[in-house]
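The values are calculated or read from the model by the stated rules, or taken from the named source; none is laboratory data. For clarity, every value in this text was computed on a predicted model and none was experimentally measured. With ideal geometry, Cβ positions are generated from the backbone for all residues, glycine too; neighbour counts draw on all protein chains shown. Ligands, DNA and RNA are stripped out before the accessible areas are found, and what is left, the full protein with its side chains, is counted by its heavy atoms. Shrake-Rupley method; radii C 1.70, N 1.55, O 1.52, S 1.80 Å.
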Amino acid sequence: SQSGLTDGTYKFRATVTDSAGNSSTTPVQTVVVDTQAPVAGTLSLSNFIDSGSSSSDKISNDKTFDLTISGQEAGTTVVYQVSTDGGTSWTPTTASQSGLTDGTYKFRATVTDASGNSATTPVQTVTVDTAITAGTLSLSNYTDSGSSATDNITNDNTFDLTISGQETGSTVVYEVSTDGGVTWTTTTANQSSLTDGTYNFRATVTDASGNSATTPVQ
């Protein structure tokens with residue numbers, strides 16, 4: 001009875017001796033005891049573009065990429081897993097991810113060695129975001145003077161551009177055109193001392209993953 005064996009390679013044999021003193025030895029049985037978890041290695045993303053304002057936040061409009069693992073114990077098997085509920089539940093997935101819908105994905109890999117010991121890599125989190133809401137551009141601190149209060153023909157040459165309803169955390173760039181929308185230049189939210197003429201205003205909204213949308217023109 002063998003018990004409590006430490007990790008290592010063991011060779012066993014039996015020597016049999018009969019009543020006349022003759023002996024012979026059985027063939028050897030070799031057993032490798034391995035109770036240690038394997039080295040899980042590191043999970044990373046390949047063929048992945050981290051789009052948007054940051055190249056390291058893994059908020060991206062790239063919905064097709066690969067999972068790769070390196071540094072794991074030789075001879076182990078690898079099972080990739082994904083969670084879409086913040087890590088509460090995990091399901092097997094493939095190394096090649098494609099056509100992912102918008103959402104936050106957590107990826108990990110479970111590595112199992114020949115003796116059945118397992119270890120799990122640290123988690124990689126990716127937020128796929130391919131949609132954006134531009135919101136609505138409006139004028140504030142503005143007086144629409146004259147016979148109509150809704151035609152935007154006015155002697156008020158100082159007012160502000162404001163935007164509402166845009167995606168949270170997005171950046172806003174205001175633009176103006178003085179040639180009927182043929183060309184656009186960047187402007188500020190605060191307009192002052194405008195000369196007589198017709199002005200078209202719009203705002204381009206860009207989210208953290210690099211998606212952009214433009215408001216209707218004012």
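Some values worked out for this structure:
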{"item": "Within the range 32-83, considering residues that are open to solvent by less than 30 Å² (accessible area, probe 1.4 Å) and among the hydroxyl-bearing types (S, T, Y), the one farthest from the chain's Cα centre (by Cα)", "result": "T76"}
{"item": "In the range 147-183, the residues that are in a loop (DSSP other than H, G, I, E, B), farther than 30 Å from F48 by Cα and either of a type in the set (D, E, K, R) or open to solvent by 70 Å² or more (accessible area, probe 1.4 Å) (or both)", "result": "S147, A149, T150, D151, N152, I153, N155, D156, T178, D179, V182, T183"}
{"item": "G86 vs. criteria under 13 Å from the mean Cα position of the chain (by Cα), at pLDDT below 95, within 25 Å of G169 (Cα to Cα) and assigned to a loop (DSSP other than H, G, I, E, B)", "result": "no"}
{"item": "Meets criteria (under 30 Å from V32 (Cα atoms), of a type outside the set (S, T, Y), at pLDDT below 95 and surrounded by 11 or more Cβ atoms within 10 Å (Cβ to Cβ)) for A109", "result": "no"}
{"item": "Breaking point among (1) open to solvent by 30 Å² or more (accessible area, probe 1.4 Å); (2) touching a Ser or Thr at 6+ places or on another chain (Cβ under 9 Å); (3) under 30 Å from T127 (Cα atoms), for T198", "result": "(3)"}
{"item": "Top-ranked residue in the range 158-186 [being closer than 15 Å to S140 by Cβ and without any contact (Cβ under 8 Å) to a residue 40 or more places away in the chain; ranked as nearest to the chain's Cα centre (by Cα)]", "result": "V172"}
{"item": "G210 in a loop (DSSP other than H, G, I, E, B), surrounded by 13 or more Cβ atoms within 10 Å (Cβ to Cβ) and on the phi > 0 side of the Ramachandran plot", "result": "yes"}
